[in-house]
Amino acid sequence: MIIVSALFIALVLGLTSALHFYWAAGGMWPARDEQSLARTVIGGNGIAGMPDRRLTIAVASCIALAAVWPMLWLGWIVTPAPDWLLTAGMAVLSIVFIARGIAGFVPAVKKMNSEEPFATLNARYFSPLIVLLGLILTVLLLTDPRVTP
C-alpha cells in the first residue's frame, strides 16, 4: 500500500507540475485563450489573465518537489538530507495539502474564487483531490516504513 500511495502522489503531482510548466510556456489547454484558462485553473474574482510565467514556473517547481518528496522520505531516492528534514517536509506537505483542500470549501475562500468554471471544478475535483493527497501524505508519515522494529 505504501508503494501504491507514493506512486499515486508522484503521478498526480508530476502531471500537475507538468501542466504548470506547460502553462508557463504559453500553453492554453484546457481553455481556448488566456482569460478562459485563468478562469478555469485559478478562478480569482475578475481574473483576466494568467500570473507571471516566473511565478508559474516557481509553482510548477514546488509541485514537482512535492511529487518526489515521499520517495526521498521513503529512501527510494538517496539524498544527503537528514531524516529530521525529510520528516519535517512530509509533515509540512501534509498540512499544506489538507489546509488547501479544506480551504476550497470555506465560504469566504469560495467567494474570493468564484469565477466559473474554476468554482465548480474546485468544489467537485480540485479540493477533494488535494485533501486526499494530504491524507495520503499523512498516512505515509505516520506509517514510517523506515523504522524497523
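ALA31 - would you say it is part of a loop (DSSP other than H, G, I, E, B) and closer than 22 Å to ALA123 by Cβ?
Against the criterion (part of a loop (DSSP other than H, G, I, E, B) and closer than 22 Å to ALA123 by Cβ), ALA31 qualifies.
Name the pairs: first residue in segment 23-34 and within 18 Å of LEU55 (Cβ to Cβ), second residue of a type in the set (Phe, Trp, Tyr) and at pLDDT 95 or above, Cβ to Cβ under 9 Å, at least 6 apart or on different chains?
Within 9 Å, the pairs are TRP23/TRP29; GLY27/PHE21.
Mind listing whichever residues of segment 127-145 are surrounded by 17 or more Cβ atoms within 10 Å (Cβ to Cβ) and over 14 Å from PRO70 (Cβ atoms)?
Correct list: SER127, ILE130, VAL131.
Just to be sure I understand the filter: pairs with C-beta atoms under 8 Å, separated by 6 or more residues or on different chains, first member in segment 81-102 and outside any helix (DSSP H, G or I), second member among the hydrophobic types (A, V, I, L, M, F, W, C) and open to solvent by less than 50 Å² (accessible area, probe 1.4 Å). Which pairs pass?
Pairs that qualify, where the first residue is outside any helix (DSSP H, G or I) and the partner is among the hydrophobic types (A, V, I, L, M, F, W, C) and open to solvent by less than 50 Å² (accessible area, probe 1.4 Å), are ALA81/LEU72.
Six or more apart or on different chains, Cβ under 8 Å: which pairs go from a residue in segment 126-148 that's over 22 Å from GLY75 (Cβ atoms) to one that's assigned to a loop (DSSP other than H, G, I, E, B) and at pLDDT 95 or above? Could you list them?
PHE126/GLY104; SER127/GLY104; SER127/PHE105; ILE130/GLY104
Going by what's in this entry, would ALA119 be described as open to solvent by less than 40 Å² (accessible area, probe 1.4 Å), farther than 21 Å from LEU11 by Cα, part of a helix (DSSP H, G or I) and touching a helix residue (DSSP H, G or I) at 6+ places or on another chain (Cβ under 9 Å)?
Taking the combined requirement at face value, the residue satisfies it.
Going by the structure shown, is GLY43 outside any helix (DSSP H, G or I), at pLDDT 95 or above, in contact with an Asp or Glu (Cβ under 6 Å, 6 or more places away or on another chain) and not hydrophobic (A, V, I, L, M, F, W, C)?
Here the answer is yes, as GLY43 does meet what is asked.
Condition first: farther than 30 Å from GLU115 by Cβ and open to solvent by 60 Å² or more (accessible area, probe 1.4 Å). Now tell me which residues in segment 46-76 satisfy that.
Of the residues in segment 46-76, the ones farther than 30 Å from GLU115 by Cβ are 68-76.
Within segment 46-76, just TRP76 meets the criteria.
The values are calculated or read from the model by the stated rules, or taken from the named source; none is laboratory data. Since the model is a prediction, treat every value here as computed from it, not as a measurement. Every residue, glycine among them, receives a Cβ derived from its backbone with ideal geometry; neighbour counts consider all protein chains shown. To get the accessible areas, we keep the full protein, side chains included, count just its heavy atoms, and leave off ligands, DNA and RNA. Shrake-Rupley method; radii C 1.70, N 1.55, O 1.52, S 1.80 Å.
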